[in-house]
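Read through the structure below, which is laid out as structure tokens, and then see the notes.
The values are calculated or read from the model by the stated rules, or taken from the named source; none is laboratory data. Please read all numbers here as calculations on a predicted model, not as lab measurements. In this analysis, Cβ positions are derived from the backbone assuming ideal geometry, glycine residues included, and neighbour counts consider all displayed protein chains.
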Amino acid sequence: MTADVVVVGGGVMGLTSAWRMAQRGLKVTLLEANRCGSGASQAALGALWPPSATRTGPLQSLHRQSLWGFEEFANELGQAAGVAVDFLRRGRIELLSDVKAQADAVQEVAAAQANWPPMVSPPVMQLLAGDDLHREEPEVIPWSAGALWCKLSAQVGVESLLAALQEVCRRSGVIIMESTRAVKLDIAEGTFRGVHTLSEKIAAGKGVLTTGVGTGLFGEVAKAVPIHPVRGQALLLNTGREMIFRIIKNGKIFLVPWPDGRILVGSTTEPQAGFDNTNTADGVNFLLTGAVATCPALAKAKLEKIWSGLRPSGPHGRPIIGELKHIHGLVVAGGHFKIGIGMAPLTGEIIADLVAHGRCKYDISPFLPRE
Ligand SMILES: Cc1cc2nc3c(=O)[nH]c(=O)nc-3n(C[C@H](O)[C@H](O)[C@H](O)COP(=O)(O)OP(=O)(O)OC[C@H]3O[C@@H](n4cnc5c(N)ncnc54)[C@H](O)[C@@H]3O)c2cc1C
């Protein structure tokens, strides 16, 4: 079998990149070892909150650009796929823990007002005193230290996003091969030639590796693309009615509410768990205790689902994006850690431009594979 490009890994990165490459006229085959989306992507809570406005590094800058374009991306995707992508921009409220957090929040508001796009009615970010918080979110526990309300934060329904991405890929002519694991890269004289599965070789002039925590399987790239797993546990509560209206963040716990009464609760951060992708009593207890402490009425909510996922984390939580110097024609995109859903629109564009044109309009030098 032959293709212009073979994509290995059908998570949010692989699917988005495959769609964007097909739009550029490339013949794309995507291999997925299990089902598309079944890795970290399906575990995500779909929270799309921008990094602090006071942080101006290259990752924060790319992340914000991706998030500012997310609504347009979701609309374009939904239309092209004929599958609605659930998207809401209702903001995020972070409970402030102490005097330092309050002081940081003042700077944060000033930086956001000065630099962020006016995508909602102003202000884009504001401080809430305890009384204001109670008025906006009456079910959240009284909080005298106040809160920070980021109105540009949004949320996407991950199930709908992944369903739409698979459908749009099919409609764009991408050949999706599920239950098909790539077991070996075919490389000759430093140039990518294709991949081997257990039963056949897929020959292709270009390759895209979006294998998340599975990237280490490929010995030729493991050193240049060091991606390790960081387990995250999460759960779904259902209150049957809308009780909270925005994403609420309280320390390490966050709640992502949907209008039908579902509330996603995330998440643990457990690098020590390695490749163990199971829920633990400790993890579930941490989430439930935090959720009920934040919103006491949740004690009566139905516990509908618990799950865990292995976030692919690059060095220091940074993604790795770009062509491998020692394997011409092979591009990687992975290690997006906690922000892969939010980063997918921009990463997909970058990968498609690199593969189709050999360059992209963003400065990805800080994210290139280490060689
Ligand atoms: C609990 C939790 C909550 C999260 N919440 C958010 C959030 O609110 N917002 C956000 O932006 N991000 C969130 N994330 C992070 C986000 O889920 C990830 O950053 C993102 O899904 C990574 O996507 P990916 O495509 O790189 O990896 P994956 O989704 O893991 O995809 C990799 C795919 O490659 C396949 N694969 C691996 N090896 C092979 C092989 N040899 N051959 C073929 N296929 C192979 C795997 O089966 C898998 O499907 C969360 C993650 C977790 C765990």
Among (1) of a type in the set (Lys, Arg); (2) within 15 Å of the ligand (Cβ to nearest atom); (3) under 24 Å from residue 21 (Cα atoms), the one test that residue 311 misses: (3)
Segment 40-158: helices (runs of 4 or more DSSP H) wholly inside it with 2 or more residues that are surrounded by fewer than 21 Cβ atoms within 10 Å (Cβ to Cβ) are 58-68, 70-81, 99-115, 130-136
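Per-residue answers, yes or no, for (1) farther than 17 Å from residue 66 by Cα; (2) within 12 Å of the ligand (Cβ to nearest atom); (3) modelled with pLDDT of 95 or more; (4) part of a loop (DSSP other than H, G, I, E, B):
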| residue | (1), (2), (3), (4) |
| --- | --- |
| 15 | no, yes, yes, no |
| 18 | yes, yes, yes, no |
| 22 | yes, no, yes, no |
| 26 | yes, no, yes, yes |
| 35 | yes, yes, yes, yes |
| 38 | yes, yes, yes, yes |
Hey, can you tell me all the residues within segment 2-40 that are of a type in the set (D, E, K, R) and without any contact (Cβ under 8 Å) to a residue 40 or more places away in the chain? none
If you check 261, 240, 251, 232, which single one turns out to be modelled with pLDDT of 95 or more and under 16 Å from the mean Cα position of the chain (by Cα)? 232
Hey, any hits in segment 190-209 for a residue that's more than 14 Å from the ligand (Cβ to nearest atom), touching a Lys or Arg at 6+ places or on another chain (Cβ under 6 Å), in a loop (DSSP other than H, G, I, E, B) and not polar (S, T, N, Q)? no
Positions within segment 250-274 being buried (at least 22 other Cβ atoms within 10 Å of the Cβ) and either charged (D, E, K, R) or outside any strand (DSSP E or B) (or both), in sequence order: 267
What tally of residues in segment 323-356 results from selecting those that are surrounded by fewer than 24 Cβ atoms within 10 Å (Cβ to Cβ), closer than 29 Å to residue 153 by Cβ and over 16 Å from the mean Cα position of the chain (by Cα)? 1
Out of the residues in segment 168-187 meeting the condition of being free of Cβ contacts under 8 Å to residues at least 60 places away in the same chain and not aliphatic (A, V, I, L, M), tell me which one is nearest to residue 199 (Cα to Cα). 184
Positions within segment 159-172 being more than 16 Å from the ligand (Cβ to nearest atom), assigned to a helix (DSSP H, G or I) and either out of contact with any strand residue (DSSP E or B) (no Cβ under 7 Å at 6 or more places or on another chain) or within 20 Å of residue 264 (Cβ to Cβ) (or both), in sequence order: 167, 171
Looking only at segment 21-38, and only at residues there that are over 12 Å from residue 8 (Cα atoms) and touching a strand residue (DSSP E or B) at 6+ places or on another chain (Cβ under 7 Å), the one that is surrounded by the most Cβ atoms within 10 Å (Cβ to Cβ): 21
Look through segment 216-249, keep the residues that are of a type in the set (Val, Ile, Thr) and more than 11 Å from the ligand (Cβ to nearest atom), and return whichever of them is surrounded by the fewest Cβ atoms within 10 Å (Cβ to Cβ). 239
